[in-house]
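The values are calculated or read from the model by the stated rules, or taken from the named source; none is laboratory data. Treat the numbers as computed from the prediction; the structure is a model and nothing was measured. Reconstructed Cβ throughout: ideal geometry from the backbone, glycine too, with neighbour counts over all protein chains shown.
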Amino acid sequence: MNQAHLRNLSSPERARWLQAELVPWLEETQRLGDDVLEIGPGPGLTTDLLRVRVASVTALESDPVLAEALAMRLAGTNVAVIEGDAVKNGLPSGRFSAVCCFSMLHHALSVELQDQVFTEITRVLRPSGWLFGEDPLDSAFARLHHIGDTFVPLDPETLERRLEVAGLSNVGIQTGGSRIKFSAAKA
């Protein structure tokens with residue numbers, strides 16, 4: 001992740017956007033349950049939003065520096081931070097009531113790796129558990145923001161089918177402005 005992107009993910013502007021856009025959507029669903037896996041928390045603004053809404057959060061971060069900083073900041077809370085890969089995380093099957101991935105899937109190196117992440121999400125979800133995700137849509141601005149960074153945007157036209165192939169159902173997709181929000185349940 002480039003430094004400008006990392007600064008944005010921990011900025012007051014991002015925190016305000018999350019409060020205005022992400023929090024109402026999550027509260028509307030009322031389906032987070034009690035044990036949430038967050039994939040790719042980065043600096044942890046979204047982790048902070050989740051941890052006050054559920055009993056337990058496991059934050060899976062692939063960047064060792066970000067994982068260590070988040071673990072230190074949230075030590076003694078209801079958050080366990082694990083450094084690891086979203087494709088092969090080693091977490092128990094059927095454990096989580098929900099999995100959340102906010103602004104991270106576009107960092108997967110390919111559509112195929114994103115699909116592997118979806119399959120792994122299905123594996124760790126409980127029966128009837130939910131996936132909640134949000135990511136930037138493809139745009140000139142988003143591509144500019146990701147110079148020197150990986151940017152594989154989700155295609156709203158193919159996302160539903162991809163989630164279904166991974167074993168998810170009840171897919172909901174919302175696009176607006178520069179973002180896509182999506183949810184799906186483990187079949």
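Summary of values
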| quantity | calculated |
| --- | --- |
| Residues located in the stretch 87-103, provided they are surrounded by 24 or more Cβ atoms within 10 Å (Cβ to Cβ) and within 21 Å of residue 169 (Cβ to Cβ) | 96, 98, 99, 100, 101 |
| Test: residue in the stretch 101-111 that is more than 26 Å from residue 144 (Cα to Cα) and under 16 Å from the mean Cα position of the chain (by Cα) | no |
| Residue that is of a type in the set (Lys, Arg) and in contact with a helix residue (DSSP H, G or I) (Cβ under 9 Å, 6 or more places away or on another chain), where the choices are 126, 143, 162 | 162 |
| From 60, 22, 70, residue being aliphatic (A, V, I, L, M) and modelled with pLDDT under 95 | 22 |
| Selected residue (criterion: farthest from residue 182 (Cα to Cα)) from residues of the stretch 104-117 that are polar (S, T, N, Q) and crowded, with 16+ Cβ neighbours inside 10 Å | 116 |
| Matching entry among 87, 65, 52 (being free of Cβ contacts under 8 Å to residues at least 40 places away in the same chain and closer than 16 Å to residue 131 by Cα) | 87 |
| Within the stretch 59-71, tally of residues that are buried (at least 22 other Cβ atoms within 10 Å of the Cβ) and not hydrophobic (A, V, I, L, M, F, W, C) | 1 |
| Residues of the stretch 1-15 satisfying the condition of being outside any loop (DSSP other than H, G, I, E, B) and either modelled with pLDDT of 90 or more or under 20 Å from residue 108 (Cα atoms) (or both) | 3, 4, 5, 6, 7, 8, 9 |
| Within the stretch 61-78, tally of residues that are in contact with a Leu (Cβ under 8 Å, 6 or more places away or on another chain) and over 19 Å from residue 6 (Cα atoms) | 0 |
| Of all residues in the stretch 118-164 being farther than 19 Å from residue 99 by Cβ and among the small types (Gly, Ala, Ser), the one that is surrounded by the fewest Cβ atoms within 10 Å (Cβ to Cβ) | 140 |
| Residues within the stretch 119-153 that are free of Cβ contacts under 8 Å to residues at least 12 places away in the same chain and either in contact with a strand residue (DSSP E or B) (Cβ under 7 Å, 6 or more places away or on another chain) or of a type in the set (Val, Ile, Thr) (or both), tallied | 0 |
| Candidate set from the stretch 1-30 (those that are more than 15 Å from the chain's Cα centre (by Cα) and within 18 Å of residue 125 (Cα to Cα)); member that is surrounded by the most Cβ atoms within 10 Å (Cβ to Cβ) | 29 |
| Residue count for the stretch 39-48, restricted to those that are assigned to a helix (DSSP H, G or I) and out of contact with any helix residue (DSSP H, G or I) (no Cβ under 6 Å at 6 or more places or on another chain) | 3 |
| Single unsatisfied condition, residue 36 versus (1) within 14 Å of the chain's Cα centre (by Cα); (2) part of a helix (DSSP H, G or I) | (2) |
| For residue 138: the one exception among (1) more than 17 Å from residue 179 (Cβ to Cβ); (2) of a type in the set (Asp, Glu); (3) modelled with pLDDT under 95 | (1) |
